[in-house]
Amino acid sequence: KGWRNVLGLCVLPLILVLLIFAYCAKEAPDRPVPKAVREYAAVLRDGDAWSFMFFYGITFGGFVGLASSLTLYFHDQYGMPAVTAGSWTAVCVLAGSFMRPVGGFVADRVGGIYVLSVLYIVTATTLGMLSLGMPDVWMAIAALIVSLAALGMGNGAIFQLLPQRFRSEFGMMTGLVGMAGGLGGFILASGLGYSKQLTNSYQTGFLGFALLALVALLGLTRIKGRWRTTWGTAVLGSVRI
């Protein structure tokens, strides 16, 4: 009973994963030389690094931001009991989590850029629909499951592209891109909260994020030709971008 017991139960699977990791994990035999701090600054002078951080800020940031906000959304918007709202939030989050490897799998076969473009369209569409207000909670749940599934697949698609562009800096870029994803989650969750506080509705927050997904789509459309004709040619025949 109480939050302390919930947190205590969460420790048990964490300990199990720690033990499995400690037993199974091994260092790679061809570990790259550790990067100096100044080399991070050099990577940040590359425009593609900022592009990846922005794209991941939308996909993973959207996933995290929605995951942390949906319980309150279901409760405030539709009067759903807290336990039920938490259960449906878990269903939506599971949809996004399970679709992440699917996104990478599909991106290997048809190209990460194509997959990411389609998923930004799906995300913008579903969140745009939510911004208009769903008359029934089941319609909202369906739209959110599709939206989080698309964002989860987008996370996989980005990490299909990232090592192709930044082979020798992959470790650094993983950290930087992950940071951008966490920051995006904070911004989206805060945006939904401010939307509710200022307008007594989540519609503005959903609409704002739908527009961000469209901005990401436009940015990807603008640079995809250069990506495919420059660094994409180096991996042509092995995996698709």
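The values are calculated or read from the model by the stated rules, or taken from the named source; none is laboratory data. This is a predicted model, so every value here is computed, not measured. Counting neighbours? That spans all protein chains shown, and the Cβs are built from the backbone with ideal geometry, glycine included. Remember, those area values only see protein heavy atoms, side chains included, never the ligands or the DNA or RNA. Shrake-Rupley method; radii C 1.70, N 1.55, O 1.52, S 1.80 Å.
Entry remark, region 156-175: residues being more than 17 Å from Arg109 (Cβ to Cβ), within 17 Å of the chain's Cα centre (by Cα) and open to solvent by less than 20 Å² (accessible area, probe 1.4 Å) number 2 in total. For region 219-233, the condition of being over 15 Å from the mean Cα position of the chain (by Cα) and not in a helix (DSSP H, G or I) holds for at least one residue. Scanning region 87-104 for residues that are surrounded by 15 or more Cβ atoms within 10 Å (Cβ to Cβ) and either at positive phi or touching a residue at least 24 places away in the same chain (Cβ under 8 Å) (or both) returns Trp88, Cys92, Val93, Ala95, Gly96, Ser97, Met99, Arg100, Val102, Gly103, Gly104. Among the residues examined, Tyr78 qualifies as among the aromatic types (Phe, Trp, Tyr) and open to solvent by 50 Å² or more (accessible area, probe 1.4 Å).
Does region 179-201 contain any residue that is modelled with pLDDT of 95 or more, open to solvent by 20 Å² or more (accessible area, probe 1.4 Å) and part of a helix (DSSP H, G or I)? No: zero hits.
For the condition assigned to a loop (DSSP other than H, G, I, E, B), hydrophobic (A, V, I, L, M, F, W, C), buried (at least 17 other Cβ atoms within 10 Å of the Cβ) and in contact with a helix residue (DSSP H, G or I) (Cβ under 9 Å, 6 or more places away or on another chain), Met134 qualifies.
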